[in-house]
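Structure first, then comments.
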Amino acid sequence: MINRLLPSIKIPYALSKGSASQRAQKAEHFTDKLYHRTLKSVSDGGISLNKIRNIIYKMVPPNIKIFVAENSDNFSNAANDFLFNGNNDIYAMTLELRTKNGIFPQEHLVDIFHEGRHIADGLFNPKYYSRFQKMEKNGLLNSKYFKLYDDELYIRECMEYKSDKKIVMKLLERKIHKVLKGRSITDKIDILQNLRYNLESEKNAFASQLKYAKKLEDKGIIMTDDRGTDFSEEFIFEDKINLIKRMAFEIIQKERTTHAAKLSKAHVKSKSVKNKKSLSMSA
């Protein structure tokens, strides 16, 4: 199956190329630029969708489609998503903000930078978008997948003692195995990699959220709720990412071992047949 990204969500390779750390730096620089330009445009206690829209459009190449729109979801103040065409290709991204009378309040500003970091991660790591698109095309983005991610992975863990983390991780591994059960090797790897990419981007987004919350508070703009809180110890993103990496590695190693055994068996069988033929001819 061909799984190329459409030009409307793919920046030139010259802009995105580099090592993992270099791509991360580029994504952070993009988010920094978004922060500074947004802050300059804040007035009367907030910023309009039109201003955010103009800021985003000027930050990305003209071929990139990022739609800035009203967020109708009452669950969150900000979100970002994909738009798919009839062939299940991603053709655009969205940045959705819940406004009050057309204005996104300044006490929620870090939500823009949280979602903006997600967009930046995808632009500078095309494999993130490519894997998600492949999952959609193969029907892997089903209720089981989202239940696993939303209810088991992307949650703040309640851990009273340090030893609780081992229990949490062991239970989580079982639940992941349950979702993977019966799937092909390729599907298993796709699911694990997509889970990993999502968690990596959330880890980055929360780090950006914390970073800009502190900057805004230094300027006298206080964030509401717990937007300026460090959640890294509660979400344990790093532990979950490492778990998924290990599981993917174990699946690949097992497959390689099985494949090597089959080749070895085929080689022995072929050699045996040749020896029989040789004996037959000599007789």
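The values are calculated or read from the model by the stated rules, or taken from the named source; none is laboratory data. The structure presented is a predicted model; accordingly, all values stated were derived computationally and were not measured. So basically every Cβ, Gly included, is an ideal-geometry build from the backbone, and we count neighbours across all protein chains shown. Accessible surface areas use protein heavy atoms only, side chains included; no ligands, DNA or RNA. Shrake-Rupley method; radii C 1.70, N 1.55, O 1.52, S 1.80 Å.
Per residue, the range 1-113 exposes 54 Å² of accessible surface when a 1.4 Å probe is rolled over the protein heavy atoms with every protein chain present. Under a cut-off of 17 Å between alpha-carbon atoms, report the lysines in cross-link reach of K51, not counting same-chain residues fewer than 8 places apart. Counting by Cα, and skipping residues close in sequence, K51 has these lysines nearby: K33, K40, K65, K100.
Counting only DSSP beta bridges with both residues in the range 68-110, the antiparallel share comes to about 75 percent. In terms of the mean number of neighbouring beta-carbon atoms within 10 Å, the peptides 138-149, 120-131 order highest first as 120-131, 138-149. For K162, the lysines whose Cα falls under 20 Å of its own Cα, not counting residues fewer than eight places away in the same chain, are K170, K240.
One chain, two ends: Y154 and D218. Fully extended at 0.36 nm per residue, the span grows by 20.1 nm beyond their Cα-Cα distance.
Each principal axis of the Cα cloud of the chain was evaluated for its coordinate range; sorted largest first, these ranges are 100, 50, 33 Å.
Listed values for the range 41-53 are Karplus-derived 3J(HN,Hα) couplings in whole Hz (6.51 cos²θ - 1.76 cosθ + 1.60, θ = phi - 60°), namely 9, 6, 7, 6, x, x, 9, 7, 4, 4, 5, 4, 4, and x replaces Gly and Pro. Each label point was placed 7 Å from the Cα along the Cα-to-Cβ direction; for V168 and N3 their separation is 3.0 nm. Extending 7 Å from Cα along the Cβ direction at D230 and again at A261 yields two label points whose distance is 4.7 nm. Is the range 127-267 rounded, prolate or oblate when judged by the Cα gyration tensor, a ≥ b ≥ c being the square roots of its eigenvalues, rounded requiring a/c under 1.5 and prolate requiring a/b larger than b/c? Note, shape of the range 127-267 comes out prolate.
The alpha carbon gyration tensor of the range 83-131 gives principal lengths a ≥ b ≥ c with a/c of 1.5 or higher and a/b no greater than b/c, which makes the shape oblate. Shape descriptor for the range 20-146: Rg over Rh equals 0.98 (Cα atoms; Rh from the Kirkwood inverse mean 1/r). Counting only protein heavy atoms and a probe of 1.4 Å, the accessible surface of the chain is 53% carbon and sulfur.
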